[in-house]
Amino acid sequence: KDQSKIRNFCIIAHIDHGKSTLADRIIEKTGLLTSREMQNQILDNMDLERERGITIKAQACRTVYRAKDGEEYILNMIDTPGHVDFNYEVSRSLAACDGAVLVVDSTQGVEAQTVGNVYLALEHDLEVFPVLNKIDLPSAHPDEVRQEIEDVIGIEAHDAPEISAKTGLNVEDVLEAIVQKIPAPTEDAEKPLKALIFDSVYDAYKGVIISVRVREGRVKPGDRIRMMATGAEEEVVEVGYFGAGQMIPCDSLDAGEVGYITASIKKVSDTRVGDTVTTADRPCEEPLPGYKKVQSMVYCGLYPADSAKYPDLRDALDKLVLNDASLFYEPETSLALGFGFRCGFLGLLHLEVIQERLEREYNLDLVTTAPSVVYKVYKTNGEVIELTNPSNLPDPAEIEYMEEPMVKAEIMVTKDFVGAIMQLCEERRGEYIGMEYIEETRAKLTYTLPLNEIIYDFFDALKSRSRGYASLDYELAGYQRSELLKLDILVNKEQVDALSFIVFADSAYDRGRKMCEKLKGEIPRQLFDIPIQAAVGSKVIARETVKALRKDVLAKCYGGDISRKKKLLEKQKEGKKKMRQIGSVEIPKDAFLNVLKLD
Ligand code: GDP
Ligand code: MG
């Protein structure tokens with residue numbers, strides 16, 4: 001196969017700058033598909049993605065383009081997930097490419113993820129070139145944006161095509177640039193097979209479908225393949241590529257190509273993103289660099305709002321995990337919530353996406369408990385517990401000390417925001433490791449930070465304090481001893497186990513106060529005062545009250561009938577008593593997650 005006719009690329013952009021629209025146009029303009037056949041936004045094939053504007057699963061799409069030089073080129077367009085929770089998957093998708101088309105909205109200019117994405121692409125040695133989109137809009141100012149790209153990002157932009165992904169104007173120029181600027185692969189097809197897995201999805205008919213970039217060698221049906229990290233082995237049933245959402249089988253995938261492999265693999269967990277595929281009878285010596293086992297970073301409890309739906313929730317999780325090897329779950333019970341599951345996620349967004357899919361695709365109404373990272377508890381009797389659920393924390397008298405997970409964070413930021421970002425890191429108990437200027441305009445800051453300080457809202461804070469010009473990459477960096485406490489929340493004097501969480505001792509008071517304030521805003525007023533308290537052990541450290549709703553039942557019966565008045569008063573009292581007796585204050589289901597998000 002002629003590698004000089006292959007281009008492997010991705011499109012990167014700030015959200016809403018037109019990445020999906022351009023992808024659609026490219027598919028349309030390169031044949032294989034007519035617009036009639038085309039569904040709206042083929043690459044974002046999940047409803048949820050479309051609505052939230054994020055791409056969860058990486059996917060590759062192959063088209064054929066006849067260039068102005070008269071030659072036909074195979075274009076492999078690789079879609080990248082768009083959020084830091086999926087950072088590792090993004091990095092593997094980029095590793096499968098040779099170049100990137102940078103879409104910049106010419107009415108907006110360079111923004112948050114424009115810079116972040118370019119940094120990531122450059123780290124993977126991709127050839128990046130910009131295109132100026134939305135040129136059809138009257139507010140487009142392409143010349144200024146061109147200059148901005150050169151000044152802020154430092155990449156060449158004078159010949160960036162001015163396009164409208166919407167109308168299709170000048171999209172050919174993008175295709176020509178892909179052919180001319182992005183290097184063709186030059187890899188050896190005769191060596192032992194070495195292919196990078198950058199996506200794996202479960203299909204009810206074909207089993208696991210893995211997306212690969214073949215780096216060396218070739219793979220064909222009948223080969224016995226081995227996943228180097230997981231050790232799983234299977235015989236290849238089919239190889240091929242995705243032609244606009246359809247699977248198109250072919251004879252072999254050779255060095256330089258992007259496509260899929262099916263091998264009646266039952267579990268996606270056998271085919272981890274980042275792993276290297278080789279053949280069992282002629283394995284390559286070394287796997288491709290950069291494999292990381294994806295670890296759950298955040299745990300929380302998921303409970304059905306209606307406890308009768310517990311089996312449904314279990315079935316739904318069983319199905320979701322087929323497709324998402326990074327989702328973990330096991331049964332647990334809560335005093336407040338009954339039977340449910342303790343689930344592990346890559347981050348808070350991953351949690352929200354799963355929660356939303358369960359609610360939407362499986363019609364479940366869920367209660368989510370306070371998310372937590374995994375702490376290590378060293379007990380006085382020598383036992384060590386990995387604590388994923390704060391309410392399982394042993395009695396403080398039995399605890400020798402505790403450790404919390406740390407991360408090494410690398411933050412790329414343009415020089416104007418270095419000060420603001422350093423301040424943010426310090427507020428989050430960060431320990432400065434170093435700073436290095438990669439270029440004149442951008443610096444790399446390295447910090448060690450406690451995972452629990454960055455898991456909830458650090459990414460948002462980073463973006464707002466840098467006006468978006470910062471990107472974050474982090475990896476777990478072991479555990480560190482720390483002064484930690486369990487903070488309990490009492491609603492109407494009753495401890496709500498689902499709201500307990502572990503906190504750094506010095507922040508306990510502040511956190512407790514903020515949680516009470518937040519919770520106060522989340523709990524609707526009822527017929528009686530509801531005290532909300534934060535406590536460490538038996539010591540209450542913060543308190544708020546949800547004031548009773550003054551439902552003045554008497555106002556309705558003017559004058560007259562005393563016995564009726566009495567009756568009403570009795571009734572109201574009864575109502576109050578009932579609520580108090582049961583101690584059941586209705587806490588809205590979103591409250592559990594909302595109170596954790598600080599500003
Ligand atoms: P993404 O978030 O980068 O994938 O952006 P989308 O492709 O979803 O586009 C975001 C919005 O911009 C959508 O409403 C598109 O219809 C619109 N859009 C994309 N390209 C153009 C363009 O060239 N001109 C105009 N007027 N709108 C565009
Ligand atoms: Mg999109």
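The values are calculated or read from the model by the stated rules, or taken from the named source; none is laboratory data. Computed from a predicted structure; not experimentally measured. With ideal geometry, Cβ positions are generated from the backbone for all residues, glycine too; neighbour counts draw on all protein chains shown. Only protein heavy atoms, including side chains, enter the accessible area calculation; ligands, DNA and RNA are left aside. Shrake-Rupley method; radii C 1.70, N 1.55, O 1.52, S 1.80 Å.
The table that follows gives values for the structure above.
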| item | result |
| --- | --- |
| The stretch 170-204: number of residues that are assigned to a loop (DSSP other than H, G, I, E, B) and more than 16 Å from ligand 1 (Cβ to nearest atom) | 13 |
| Hits in the stretch 290-314 - residues which are open to solvent by 70 Å² or more (accessible area, probe 1.4 Å), over 17 Å from residue 89 (Cα atoms) and at pLDDT below 90 | 306, 307, 308 |
| Residue 226 being within 14 Å of residue 253 (Cα to Cα) and surrounded by fewer than 24 Cβ atoms within 10 Å (Cβ to Cβ) | no |
| Matching residues in the stretch 319-351 - criterion: being within 23 Å of residue 204 (Cβ to Cβ) and of a type in the set (Lys, Arg) | 319 |
| Odd one out for residue 234 among (1) in a strand (DSSP E or B); (2) at pLDDT 95 or above; (3) open to solvent by 50 Å² or more (accessible area, probe 1.4 Å) | (2) |
| Residue match in the stretch 208-223 (condition: in a loop (DSSP other than H, G, I, E, B) and hydrophobic (A, V, I, L, M, F, W, C)) | no |
| Search result, residues across the stretch 179-223 that are at pLDDT below 95, under 28 Å from residue 121 (Cβ atoms), under 30 Å from the mean Cα position of the chain (by Cα) and not β-branched (Val, Ile, Thr) | 198, 199, 200, 211 |
| Single condition residue 448 does not satisfy, out of (1) open to solvent by less than 80 Å² (accessible area, probe 1.4 Å); (2) farther than 27 Å from residue 118 by Cβ | (2) |
| Matching residues, the stretch 170-195, being farther than 19 Å from residue 9 by Cα and open to solvent by less than 10 Å² (accessible area, probe 1.4 Å) | 193 |
| Residues located in the stretch 125-169, provided they are open to solvent by 60 Å² or more (accessible area, probe 1.4 Å), among the polar types (S, T, N, Q) and within 14 Å of ligand 1 (Cβ to nearest atom) | 139, 167 |
| Selection count, the stretch 497-521, where residues are in contact with a Phe, Trp or Tyr (Cβ under 9 Å, 6 or more places away or on another chain) and open to solvent by 30 Å² or more (accessible area, probe 1.4 Å) | 1 |
| Residue 331, sole failed condition from (1) assigned to a strand (DSSP E or B); (2) under 20 Å from the mean Cα position of the chain (by Cα); (3) not aliphatic (A, V, I, L, M) | (2) |
| Selection within the stretch 152-193 - in contact with a Ser or Thr (Cβ under 8 Å, 6 or more places away or on another chain) and not aliphatic (A, V, I, L, M) | 154, 162, 166, 170, 192 |
| Residue match in the stretch 426-441 (condition: touching a residue at least 40 places away in the same chain (Cβ under 8 Å) and open to solvent by less than 20 Å² (accessible area, probe 1.4 Å)) | no |
| Test: residue in the stretch 282-289 that is at pLDDT below 90 and either more than 30 Å from residue 458 (Cα to Cα) or not acidic (Asp, Glu) (or both) | yes |
| Boolean, residue 218 is crowded, with 19+ Cβ neighbours inside 10 Å and free of Cβ contacts under 8 Å to residues at least 40 places away in the same chain | yes |
| Residues of the stretch 463-494 that turn out to be open to solvent by 70 Å² or more (accessible area, probe 1.4 Å) and of a type in the set (Lys, Arg), as a count | 4 |
| Answer residue from the stretch 237-271, given it is touching a Pro at 6+ places or on another chain (Cβ under 8 Å) and part of a strand (DSSP E or B) and is surrounded by the fewest Cβ atoms within 10 Å (Cβ to Cβ) among those | 238 |
| From 143, 105, residue being away from ligand 2 (no atom under 16 Å from the Cβ), acidic (Asp, Glu) and at pLDDT 90 or above | 143 |
| Count - residues of the stretch 389-425 that are within 25 Å of the chain's Cα centre (by Cα), within 24 Å of residue 328 (Cα to Cα) and open to solvent by 30 Å² or more (accessible area, probe 1.4 Å) | 1 |
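Table: residues versus (1) among the hydroxyl-bearing types (Ser, Thr, Tyr); (2) assigned to a helix (DSSP H, G or I); (3) crowded, with 20+ Cβ neighbours inside 10 Å.
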{"site": "339", "(1), (2), (3)": "no, no, no"}
{"site": "343", "(1), (2), (3)": "no, no, yes"}
{"site": "352", "(1), (2), (3)": "no, yes, no"}
{"site": "356", "(1), (2), (3)": "no, yes, no"}
{"site": "367", "(1), (2), (3)": "no, no, yes"}
{"site": "370", "(1), (2), (3)": "no, no, yes"}
{"site": "378", "(1), (2), (3)": "yes, no, no"}
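So that you can scan it fast, the table gives a plain yes or no per residue for (1) modelled with pLDDT of 80 or more; (2) more than 30 Å from residue 347 (Cα to Cα); (3) more than 15 Å from ligand 1 (Cβ to nearest atom); (4) in a loop (DSSP other than H, G, I, E, B):
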| position | (1), (2), (3), (4) |
| --- | --- |
| 17 | yes, no, no, yes |
| 45 | no, no, no, yes |
| 50 | no, no, no, no |
| 68 | yes, yes, yes, yes |
| 75 | yes, yes, yes, no |
| 89 | no, no, yes, no |
